[in-house]
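Here's the structure, in structure tokens; my notes come after.
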Amino acid sequence: MYKIALVEDDSELSSMISTMLMNYECEVVVIRDFEQVVEQLLELKADIVLLDINLPYVDGFHICKNLRKESTVPIIMISARNNDLDQILGMELGADDYIIKPFSIEVLHSKIKASIRRAYGAFTPEKSKITIGNFTLDYHSFAVSNGGIEIELTKNEYKILKYLAEKPNELVAREKLLRELWDDVSFIDNNTLNVNISRIKNKLNDIGMKEVIHTKRGYGYKFVTADLEKMNE
């Protein structure tokens, strides 16, 4: 059973979402104190957060940004705003997905399952990290290290690097990376992925890993392990 935190000020919509998701055997906890949303969400420890954008006191973007500083819980933003800028902003602030009102409960449930699968599916005791030579990517802390020097990644940076590192020396198409990060890629500006890749390269460079991610212009990226594997020889 998924534990879902719902932050929505429309009581009628909130009640409808709660009732219908409970039909899918989900536990829905509705947040009603909109002045202390982040604190309540951190205490609640839900599996996923459904977060409306238009809220009293402070909007969902601000809440998403501050929650993401403290937690990696999946966040699906809910809004009647149907424009690219708001959707891109939500993703850049750390949201995992975005759904536009009005929506069907079936689509919402599907997005919930997909976000939870991406966030927790690989977090098993048998596989908590990937190691190649002196390179390590920790699946729990979102930290990458090389030769004992460690640096933290954002959630999206971690997802991208994990996807590439688990397919070493394989050219991965941009579209596959976008689908790994977001269910609906139609509204994602190409520059969003470019920015994240650039940040990852800079962070890897900071810990002594230069030219590990290769770019094939117009197609995708490759995590090249030749130099890393030499460290095991």
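The values are calculated or read from the model by the stated rules, or taken from the named source; none is laboratory data. Small disclaimer: the values here were computed from a predicted structure and weren't measured. Heads up, the Cβs are rebuilt from the backbone with ideal geometry, glycines too, and the neighbour counts pull from every protein chain shown. To get the accessible areas, we keep the full protein, side chains included, count just its heavy atoms, and leave off ligands, DNA and RNA. Shrake-Rupley method; radii C 1.70, N 1.55, O 1.52, S 1.80 Å.
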Only residues that are closer than 15 Å to Ile116 by Cβ and of a type outside the set (A, V, I, L, M, F, W, C): list them for segment 38-57, please. Lys45, Asp47
With the requirement that a residue be open to solvent by 10 Å² or more (accessible area, probe 1.4 Å), hydrophobic (A, V, I, L, M, F, W, C), closer than 15 Å to Ile160 by Cα and in a strand (DSSP E or B), what does segment 129-148 give you? Ile130
For Pro74, state whether it is closer than 18 Å to Leu13 by Cα and not basic (Lys, Arg). no
Take the residues in segment 164-182 that are buried (at least 17 other Cβ atoms within 10 Å of the Cβ) and in contact with a strand residue (DSSP E or B) (Cβ under 8 Å, 6 or more places away or on another chain); name whichever of them is farthest from Ser110 (Cα to Cα). Ala165
Of all residues being free of Cβ contacts under 8 Å to residues at least 40 places away in the same chain and open to solvent by 50 Å² or more (accessible area, probe 1.4 Å) in segment 2-15, which is nearest to Phe34 (Cα to Cα)? Just the residue, please. Ser11
Flagged in segment 6-53 as closer than 13 Å to Cys64 by Cα and of a type in the set (Val, Ile, Thr), in numbering order, are Val7, Val37, Val38, Ile48, Val49, Ile53
What is the number of the single condition among (1) crowded, with 17+ Cβ neighbours inside 10 Å; (2) farther than 20 Å from Asn196 by Cα; (3) among the β-branched types (Val, Ile, Thr) that Ile76 does not meet? (2)
What residue, among those in segment 58-73 that are among the polar types (S, T, N, Q) and either under 17 Å from Lys159 (Cα atoms) or in contact with a strand residue (DSSP E or B) (Cβ under 9 Å, 6 or more places away or on another chain) (or both), is least open to solvent (accessible area, probe 1.4 Å)? Ser71
Count of residues meeting criterion [hydroxyl-bearing (Ser, Thr, Tyr) and more than 19 Å from Glu211 (Cα to Cα)] in segment 134-166: 3
Provide a single number: the residues in segment 149-189 that are modelled with pLDDT of 85 or more and outside any helix (DSSP H, G or I). 14
Within segment 79-123, the count of residues that are open to solvent by 20 Å² or more (accessible area, probe 1.4 Å), under 21 Å from Val195 (Cα atoms) and not in a helix (DSSP H, G or I) comes to 2
